[in-house]
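Taken together, the values in this text are just the output of simple stated rules run on the coordinates, not laboratory data. None of these values were measured; they are calculated from a predicted model. Neighbour counts run over all protein chains shown; Cβ positions are idealised from the backbone, glycine included.
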Amino acid sequence: MPLLERDAQFRFACAGCGNCCRGREDIVLSGYDLWRIAARLRLPPQIVARGYCRSSIGRVSHLPVLRLAPVKENRNNCPFLTENHCAIHEAEPLVCALYPLAQEISRAGEVHYFLQPTGCGGQVIEARVQDYLARYDVPAREAIDVRWAQTCMALEDTVERLEEVLSPVLVRRMQAKLWQALYFGYDYAQDYLPQLESNLQTLDTELRKLTEYQKKRNNSSK
């Protein structure tokens with residue numbers, strides 16, 4: 001899809017039907033998304049993840065991945081869809097806030113947006129990119145989203161390297177520490193970004209400990 005300048009105009013049709021919230025298994029949450037939902041529900045992030053999400057390890061990234069889990073008993077809808085409305089609208093994930101736009105972040109921290117195809121029909125809406133983003137407070141969170149994206153891209157390289165040297169047991173320990181640092185080790189009553197930075201420092205220490213432990217085991221088996 002072509003990238004859009006922030007002063008560019010774009011058009012899309014919206015019937016207000018809520019179909020973009022139905023049957024979706026591709027709504028991936030960042031740690032910040034989860035923290036915002038946790039703050040909205042006043043529940044610990046791990047409880048929110050267990051109750052409303054599906055967790056996995058990315059096949060390519062090898063990092064923890066959290067997706068909103070459609071509710072089969074409710075016609076496979078988003079767990080937060082009530083009739084045609086979002087029950088957590090003020091804390092909705094970035095993917096939902098942007099739609100039908102989508103975001104692309106480079107390793108250098110450059111942020112771009114592009115228009116996704118829609119097929120709902122309905123009223124044609126025309127907007128300028130920067131106005132549409134401001135409507136959903138996307139610029140206010142952009143620095144955090146960049147920090148998250150760059151963190152994950154850097155961790156992909158680190159995890160790939162460690163998986164080559166750690167035993168399966170230690171790889172599972174590493175994954176548990178990644179879940180804690182990226183998603184679960186947060187207090188929704190405290191600002192998110194300082195907690196992320198603190199968690200990343202702790203994660204770096206823990207990963208070094210795992211590496212040293214593996215080296216000791218390798219040396220003792222010689």
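Please give the length that would be gained between residue 157 and residue 189 if that part of the chain were fully extended, namely 0.36 nm times their separation in residues minus their C-alpha to C-alpha distance (nm, one decimal). Walk me through the numbers on the way to the answer.
Working: separation 32, 0.36 × 32 = 11.52 nm, distance 3.17 nm.
Contour length minus the Cα-Cα distance gives 8.3 nm.
What is the sum of charges around residue 177, taking Lys and Arg as +1, Asp and Glu as -1, for the other residues whose C-beta is under 12 Å from the C-beta of residue 177?
Working: positive: 172, 173, 208, 209; negative: 204, 206.
Spelling it out: positives minus negatives among the neighbours equals +2.
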(message) From the helices alone, meaning DSSP H stretches of at least four residues, give me the mean residue ellipticity at 222 nm for the chain, per-run term -39500 (n - 2.57), in deg cm²/dmol to the nearest 500.
(response) -14000 deg cm²/dmol
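How much of the pair distance distribution for the chain lies past 33 Å, counting alpha-carbon pairs only, in percent? Don't skip to the answer; put the middle values down first.
Values: 5782 of 24531 pairs.
Of all Cα-Cα pairs in the chain, 24 percent lie more than 33 Å apart.
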(request) Could you tally the net charge around residue 109, taking each other residue with its Cβ under 13 Å from the Cβ of residue 109, Lys/Arg +1 and Asp/Glu -1? (result) -2
(request) Subtract the Cα-Cα distance of residue 123 and residue 8 from 0.36 nm times their separation in residues, and report this length gain in nm to one decimal. (result) 39.4 nm
(request) Residues in region 194-222, backbone N under 12 Å from the label point at residue 167 (7 Å along the Cα-to-beta-carbon vector): list them, ranges by number please. (result) 213-222
(message) Using the Cα centre of region 119-222 as origin and beta-carbon charges of +1 (Lys, Arg) and -1 (Asp, Glu), tell me which of 125, 219, 167 is placed farthest towards the positive end of the dipole.
(response) 219
(request) Give the distance, in whole Å, between the Cα centre of region 136-187 and the Cα centre of region 29-69. (result) 12
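May I ask you to derive the FRET efficiency for residue 107 and residue 75 from their Cβ-Cβ distance with R0 = 30 Å, giving the value to the nearest 0.05?
Numbers: r = 40 Å, r/R0 = 1.32.
Efficiency computed from Cβ-Cβ geometry: 0.15.
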(request) Subtracting the Cα-Cα distance from 0.36 nm times the residue separation, let me have the gained length for residue 46 to residue 211 in nm, one decimal. (result) 56.7 nm
(message) Let's test the formula: R0 of 35 Å, r as the Cβ-Cβ distance of residue 221 and residue 57. What FRET efficiency results, to the nearest 0.05?
(response) 0.80
(message) Using only the alpha-carbon atoms, how far is helix 192-220 inclined from the longest principal axis of the chain? Give it as 0 to 90 degrees, nearest 10.
(response) 30
(message) If I fit a long axis through the Cα atoms of helix 168-179 and take the longest principal axis of the Cα atoms of the chain, what angle between them do I get, 0 to 90°, rounded to 10?
(response) 40
(request) Might you list the cysteines of the chain that have no disulfide-compatible partner by the rule of another cysteine's Cβ under 4.7 Å? (result) 14, 17, 20, 53, 86, 96, 120, 152
